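Here's the structure, in structure tokens; my notes come after.
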Amino acid sequence: MAMPSAYPVGLAVDYPERPLDRLTTLFRIFTVIPIAIILGLLTSGAGRTAVGGGTVQYAGVGLVFLPTVLMLLFRRKYPRWWFDWNVALTAFGYRVATYPLLLRDEYPATDEEQAVHLTIPYPDAREELSRWLPLVKWLLALPHYVVLALLGLAVLACVVIAWVAILVTGRYPRALFAFVVGVLRWGLRVNAYAFLLATDRYPPFRLSD
């Protein structure tokens, strides 16, 4: 029997071979705040604020989702620069996420891959993506949302245990590390299917690649 090919979307996080920084681990909930604010501004939508008697407009674009749905529906196209923006923002979000999850202690970069590696190939919209499926992908992914919500509770417990382990030994237990990365990988596959619209292949229910 032929084995199914690997899912096209993947995530890998390099396991830290050196001892992690105990001091930044202890205060990680505070040290993450500046970069979390930057990520929030990028994804918060548009608005304006009063400055010096005038107004300044600001905008956080977030994922280019609805325009992509419409473009696929009417033109069967996924503009490459929209895709590149979505992937870059997603990669930045995952770099930020690994930091409070204690998977790495390098401060998240805005423009460098660092130790968080995403694989999201650019799709041929006309040949590989359905015209109509993007309208309902978010709904079809509902079972994954339920499972990921439950797994998120387990991740929280793992991070608390890992926090104590790092403070004592400087190391993130490998089994816990693999589990947390697996949940992030699962979530990335669901996001790539339902919101990045990078593939029409339904995400598998598994932690591994």
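The values are calculated or read from the model by the stated rules, or taken from the named source; none is laboratory data. Just so you know, these numbers come straight off a predicted model, no measurement behind them. Ideal geometry is used to build each Cβ from the backbone, glycine not excepted, and the neighbour counts take in all protein chains shown.
Being surrounded by fewer than 14 Cβ atoms within 10 Å (Cβ to Cβ) and touching a Lys or Arg at 6+ places or on another chain (Cβ under 9 Å), is that true of even one residue in region 140-158? Within region 140-158, not a single residue is surrounded by fewer than 14 Cβ atoms within 10 Å (Cβ to Cβ) and touching a Lys or Arg at 6+ places or on another chain (Cβ under 9 Å). Of all residues in region 129-138, those being surrounded by fewer than 12 Cβ atoms within 10 Å (Cβ to Cβ) and under 19 Å from the mean Cα position of the chain (by Cα) number 0. For region 170-187, a residue qualifies if it is touching a Phe, Trp or Tyr at 6+ places or on another chain (Cβ under 7 Å) and among the aliphatic types (A, V, I, L, M), and exactly one does: 184. Within region 88-105, the set of residues being in contact (Cβ under 8 Å) with a residue 40 or more places away in the chain and within 10 Å of the chain's Cα centre (by Cα) comprises 89, 90, 92, 93, 94, 96, 97, 98.
The single condition among (1) at pLDDT 95 or above; (2) touching a helix residue (DSSP H, G or I) at 6+ places or on another chain (Cβ under 8 Å) that residue 63 does not satisfy is (1). Restricting attention to region 16-43, the residues that are assigned to a helix (DSSP H, G or I) and either within 14 Å of residue 162 (Cβ to Cβ) or in contact (Cβ under 8 Å) with a residue 12 or more places away in the chain (or both) add up to 15. Could you say whether any residue in region 133-148 is among the small types (Gly, Ala, Ser) and more than 30 Å from residue 79 (Cα to Cα)? Within region 133-148 (the criterion being among the small types (Gly, Ala, Ser) and more than 30 Å from residue 79 (Cα to Cα)), the answer is no, since none of the residues qualifies. The residue of region 119-128 that is nearest to residue 80 (Cα to Cα), among those that are charged (D, E, K, R) and loosely packed, with under 13 Cβ neighbours inside 10 Å, is 124.
Checking each residue in region 71-108 for being β-branched (Val, Ile, Thr) and within 16 Å of residue 43 (Cα to Cα) picks out 87, 90, 96.
When the residues of region 167-176 are filtered to those that are aliphatic (A, V, I, L, M) and touching a helix residue (DSSP H, G or I) at 6+ places or on another chain (Cβ under 7 Å), the one that is surrounded by the most Cβ atoms within 10 Å (Cβ to Cβ) is 176.
The rows are residues; the columns are (1) outside any loop (DSSP other than H, G, I, E, B); (2) touching a helix residue (DSSP H, G or I) at 6+ places or on another chain (Cβ under 9 Å).
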{"residue": "165", "(1), (2)": "yes, yes"}
{"residue": "178", "(1), (2)": "yes, no"}
{"residue": "181", "(1), (2)": "yes, yes"}
{"residue": "184", "(1), (2)": "yes, yes"}
{"residue": "187", "(1), (2)": "yes, yes"}
{"residue": "191", "(1), (2)": "yes, yes"}
{"residue": "198", "(1), (2)": "no, yes"}
{"residue": "202", "(1), (2)": "no, yes"}
